[in-house]
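Beneath this line is the structure, given in structure tokens, with notes to follow.
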Amino acid sequence: AAKRVEIVCFASPSSINGWLHNTGNNKDVMAACIGETSAQACREQNWNESRIFYPENPGMEGWITAIQEARETIIKMPHS
């Protein structure tokens, strides 16, 4: 099922580590992070910066916006 995922929502660095461990290091998804701490953890795992989305201020409202921005990016991507 993880192979069909396009956006992963991360609330903590440990959730990023769990995702990578359980998916064979899959970074081909959009990372919608609750805040800068999780976004930085993605960077430390060498995630593509264009696939990391996070709000300026952590919290649910901003996280939802980050998810929406990730989805809009997917929609705009050229498909082969």
Among the residues of region 48-58, the number that are more than 11 Å from the chain's Cα centre (by Cα) and open to solvent by 20 Å² or more (accessible area, probe 1.4 Å) is 3
Of residues in region 59-80 being open to solvent by 100 Å² or more (accessible area, probe 1.4 Å) and assigned to a loop (DSSP other than H, G, I, E, B), the one modelled with the highest pLDDT: P78
Please verify whether region 38-47 includes one or more residues that are among the aromatic types (F, W, Y) and touching a Pro at 6+ places or on another chain (Cβ under 9 Å). no
Please specify each residue of region 32-47 satisfying the condition of being open to solvent by 70 Å² or more (accessible area, probe 1.4 Å) and either basic (K, R) or under 19 Å from Q68 (Cβ atoms) (or both). E36
Taking region 1-22 on its own, how many of its residues are more than 16 Å from Q68 (Cα to Cα) and either modelled with pLDDT under 95 or loosely packed, with under 12 Cβ neighbours inside 10 Å (or both)? 7
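The values are calculated or read from the model by the stated rules, or taken from the named source; none is laboratory data. Please read these numbers as outputs of a predicted model, since none were measured by experiment. Don't worry about glycine lacking a Cβ; one is built from the backbone with ideal geometry, like all the others, and counts go over all protein chains shown. Keep in mind that these areas ignore ligands, DNA and RNA; they rest on the heavy atoms of the full protein, side chains included. Shrake-Rupley method; radii C 1.70, N 1.55, O 1.52, S 1.80 Å.
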